[in-house]
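Comments concern the structure below.
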Amino acid sequence: MQKPTISGWGRAGLSFAAALVAAAFVAVGIAWAAQDGTVVSLTASDAPSPGQTITISATLLANSAINNSNVYYEILAPDGTTVVATHTTDPPNMAAGETFSDSWTTTNTSFTAPGTYSLRLCWSPGGSSGCQIIGGSPSVVSFYSVPTLSAWLWPMGLALLGWFLWARRADFQPQVVRVRE
């Protein structure tokens, strides 16, 4: 007895149907893995001057009851890997529909270079760090900062200032001033 074979449009149709079924399973899986919480807002103020304060604010919404959770923030340098500041907050236990607002500040004195920095927020069940409450990926916003002079620029700036003052020392000599009487 000969086995039935699928060829031509039949094979393409079967592949298309299999892809639709797989997509439906993925969609149902996403619906089943609904987020327990949502980041309603996440902001960071720009810091266009050295030594300026950056204010970070977030509002979180519980889509279901959330107990014993933590919110972890990190600020990444323009290179995308160097962490220049972190902050952790433990929100109170939240019932479905409740919101929690958090705010904190930092200065850009420890930042590495002028540029666009990324602020990441991760909301996880207590003791973990996988962002499970907000679906497994951190929320990210960007802001611009011009940090203070780095450690090696301070001595160089002072040396240049010293050289300038020494070179212009004649301009700083006391002058005799005649006063009319």
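The values are calculated or read from the model by the stated rules, or taken from the named source; none is laboratory data. Note that the structure is predicted; figures quoted are calculated from it, not measured. Every residue, glycine among them, receives a Cβ derived from its backbone with ideal geometry; neighbour counts consider all protein chains shown.
Hey, Gly51 hits all of (1) at negative phi; (2) modelled with pLDDT of 55 or more; (3) among the small types (Gly, Ala, Ser) but one; which does it fall short on?
(1)
Please indicate, with yes or no, whether at least one residue in the stretch 119-128 is of a type in the set (A, V, I, L, M) and at pLDDT 85 or above.
yes
Of Thr88, Thr116, Thr112, Thr106, which residue is among the polar types (S, T, N, Q), in a loop (DSSP other than H, G, I, E, B), in contact with a strand residue (DSSP E or B) (Cβ under 8 Å, 6 or more places away or on another chain) and on the phi < 0 side of the Ramachandran plot?
Working: Thr88 fails: in a loop (DSSP other than H, G, I, E, B); Thr116 fails: in a loop (DSSP other than H, G, I, E, B); Thr106 fails: in a loop (DSSP other than H, G, I, E, B).
After applying the criteria, what remains is Thr112.
Look at Trp123 and say whether it is part of a strand (DSSP E or B), touching a His at 6+ places or on another chain (Cβ under 8 Å) and not aliphatic (A, V, I, L, M).
So Trp123 fails the test.
Mind checking which pairs have a first residue in the stretch 81-100 that is closer than 13 Å to Gly37 by Cβ and a second that is of a type in the set (Ser, Thr, Tyr), Cβ under 7 Å, 6 or more apart or different chains?
Pairs that qualify, where the first residue is closer than 13 Å to Gly37 by Cβ and the partner is of a type in the set (Ser, Thr, Tyr), are Pro91/Ser69; Ala96/Ser64; Thr99/Thr59.
For Phe100, all conditions in the list (1) surrounded by fewer than 14 Cβ atoms within 10 Å (Cβ to Cβ); (2) assigned to a strand (DSSP E or B) hold save one; what is the number of the exception?
(1)
Among the residues of the stretch 73-96, write down those that are farther than 14 Å from Thr106 by Cβ and not small (Gly, Ala, Ser).
Pro78, Asp79, Thr81, Thr82, Asp90, Pro91, Pro92, Asn93, Met94
Let's see how each residue does on (1) surrounded by 13 or more Cβ atoms within 10 Å (Cβ to Cβ); (2) among the charged types (D, E, K, R):
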residue: Asp36; (1), (2): yes, yes
residue: Ala44; (1), (2): yes, no
residue: Ser49; (1), (2): no, no
residue: Asn67; (1), (2): no, no
residue: Tyr73; (1), (2): yes, no
residue: Ala77; (1), (2): yes, no
residue: Ala85; (1), (2): yes, no
residue: Ala95; (1), (2): no, no
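With the structure loaded, tell me whether Thr55 is farther than 18 Å from Val146 by Cα and among the polar types (S, T, N, Q) or whether it fails that test. Before the answer, list the steps.
Working: farther than 18 Å from Val146 by Cα: no; among the polar types (S, T, N, Q): yes.
In short, no.
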